[in-house]
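Provided herewith is a single structure, encoded as structure tokens, for subsequent inquiry.
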Amino acid sequence: IQDGFTFSGGYGKYITSGDGDFLTEDTLWDFKVSKNKPLPKDTLQILIYYIMGLNSESSNFSNIVKIGFFNPRLNQVYTYEVSNISTETIKEIEQEIIGY
């Protein structure tokens with residue numbers, strides 16, 4: 001659906017810039033070329049992108065049900081259903097990290 005996008009209208013007090021890698025019909029993707037599996041900081045980054053996307057001016061995020069990583073170096077895909085993320089976690093990221 002989209003690649004190399006920003007989150008116009010979705011930035012906050014603490015995060016004022018950033019851009020995503022790739023959106024498919026139902027998944028927000030981040031590409032990581034590494035010898036390692038995704039790290040906690042990578043997971044936090046894509047979750048922040050998801051939240052900023054939902055709060056952005058773009059309607060492309062309304063159908064997103066998964067966040068995922070693709071590592072072409074390892075030829076691995078990792079996905080996670082956003083419905084499994086607690087509302088408490090979302091709220092804490094919104095307030096403490098993004099700054100809504």
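So, with a 1.4 angstrom probe, what is the percent of accessible area on the chain that is carbon and sulfur?
48 percent
With a 10 Å radius around each residue's Cβ, average the other Cβ atoms per peptide and rank 47-60, 71-84, highest first.
Taking the mean over residues of other Cβ atoms within 10 Å, the ranking is 47-60, 71-84.
Where both residues lie in the chain, what percent of DSSP beta bridges are antiparallel, nearest 5?
Just about 70 percent of them are antiparallel.
Just Lys37, Lys66, Lys13 to compare: in a GNM of the chain, with alpha carbon springs under 10 Å, which one fluctuates most?
Lys13
Add +1 for every Lys or Arg and -1 for every Asp or Glu among the other residues with Cβ under 9 Å from the Cβ of Ser34, and state the total.
Spelling it out: positives minus negatives among the neighbours equals +3.
Any idea what the relative contact order of the chain is, in percent, if you count C-alpha pairs under 8 Å spaced at least 6 apart?
32 percent
Starting from the amide H of Tyr100, placed 1.01 Å from N in the peptide plane, find each other amide H under 5 Å away whose residue is 5 or more places distant or on another chain.
Sorted by chain and number, the residues that satisfy this are Lys13, Gln95.
For the chain, what is the mean residue ellipticity at 222 nm derived from helices alone (per DSSP H run of n ≥ 4: -39500 (n - 2.57); sum divided by total residues; nearest 500 deg cm²/dmol)?
-6500 deg cm²/dmol
Leaving out ligands and nucleic acids, and using a 1.4 Å probe, what accessible area per residue does the chain come to in Å²?
For the chain, the solvent-accessible area averages 61 Å² per residue.
To the nearest 20 debye, what charge dipole does the chain have about its Cα centre, counting +1 at the Cβ of each Lys and Arg and -1 at the Cβ of each Asp and Glu?
I would put it at about 400 debye.
The values are calculated or read from the model by the stated rules, or taken from the named source; none is laboratory data. This structure is a prediction, so every number in the text was calculated from the model and none was measured. Don't worry about glycine lacking a Cβ; one is built from the backbone with ideal geometry, like all the others, and counts go over all protein chains shown. Areas reflect the complete protein model, heavy atoms only, side chains present, ligands, DNA and RNA absent. Shrake-Rupley method; radii C 1.70, N 1.55, O 1.52, S 1.80 Å.
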